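The values are calculated or read from the model by the stated rules, or taken from the named source; none is laboratory data. If you're wondering where the values come from, they're calculated on a predicted model, not measured in any experiment. With ideal geometry, Cβ positions are generated from the backbone for all residues, glycine too; neighbour counts draw on all protein chains shown.
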Amino acid sequence: MISCKIITGIQARWLRQPTGKVTIYYANHSSHLDGLVLWSCFPKSLRHHIHPVAAQDYWAKTKFKRFLAKDVFNAVLINRKPINNSNPLAELETLLANKQSLIIFPEGTRGHGQQIADFKGGLYLLAKRFTDVDIVPVYLNNLNRVLPKGSKLLVPIICSAVFGEPIKPLQETESKNGFLTRAKQSLEELAS
């Protein structure tokens with residue numbers, strides 16, 4: 001965790017301190033370091049209950065990456081292209097049911113850090129099934145410059161993570177599109 005903080009100089013700003021309540025933290029995604037750096041912002045006492053969600057096709061490519069993701073950072077690796085109608089959210093649902101928290105990136109893939117892309121449906125499906133969990137936006141700034149898309153070279157730059165207030169839970173009559181738009185807007189508000 002110290003190495004994440006040294007490389008990025010990450011400065012976390014909490015509009016509400018973490019309580020230990022089961023939470024889905026969702027953030028913009030512009031670097032392969034996002035989940036690891038975000039996870040390092042949490043107090044050590046909470047980290048073993050919080051799981052960054054990462055793409056299996058990237059993080060399971062080598063033994064070293066898999067070791068980092070699973071054994072060091074407590075990550076859950078998911079298959080973004082499910083086989084035979086399997087549920088890519090099944091492991092996430094199990095973790096939430098077992099009172100574990102998640103860090104997810106609803107854009108689905110990382111962008112260049114200039115703007116937040118439209119969200120995929122995973123956040124909506126989890127919010128629909130787990131109505132009692134907090135859903136907290138986290139805006140990550142500058143991580144796209146630490147490890148730019150397509151680069152393998154780390155550039156030490158000061159980064160920040162702004163943890164917002166939980167968004168209003170999914171409303172009974174709220175559409176998928178309405179919920180995802182509202183969640184994205186809450187994240188965009190943290191950017192300013």
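When we screen Ser45, Ser31 for residues that are among the hydroxyl-bearing types (Ser, Thr, Tyr), at pLDDT 80 or above and more than 24 Å from Lys168 (Cβ to Cβ), the only hit is Ser45. For segment 1-20, filtered to residues that are at pLDDT 85 or above and basic (Lys, Arg), the residue that is surrounded by the fewest Cβ atoms within 10 Å (Cβ to Cβ) is Arg16. The residue that is nearest to Thr131 (Cα to Cα), counting only those in segment 21-73 that are more than 14 Å from the chain's Cα centre (by Cα) and either surrounded by 24 or more Cβ atoms within 10 Å (Cβ to Cβ) or among the polar types (S, T, N, Q) (or both), is Ser45. In segment 116-137, the condition of being closer than 22 Å to Phe163 by Cβ, among the hydroxyl-bearing types (Ser, Thr, Tyr) and part of a loop (DSSP other than H, G, I, E, B) is met by at least one residue. Kindly indicate the residue of segment 91-107 that is in contact with a His (Cβ under 8 Å, 6 or more places away or on another chain) and in a strand (DSSP E or B) and also farthest from Leu140 (Cα to Cα) among those meeting that condition. Step by step, filter segment 91-107, then rank; the result is Ser101.
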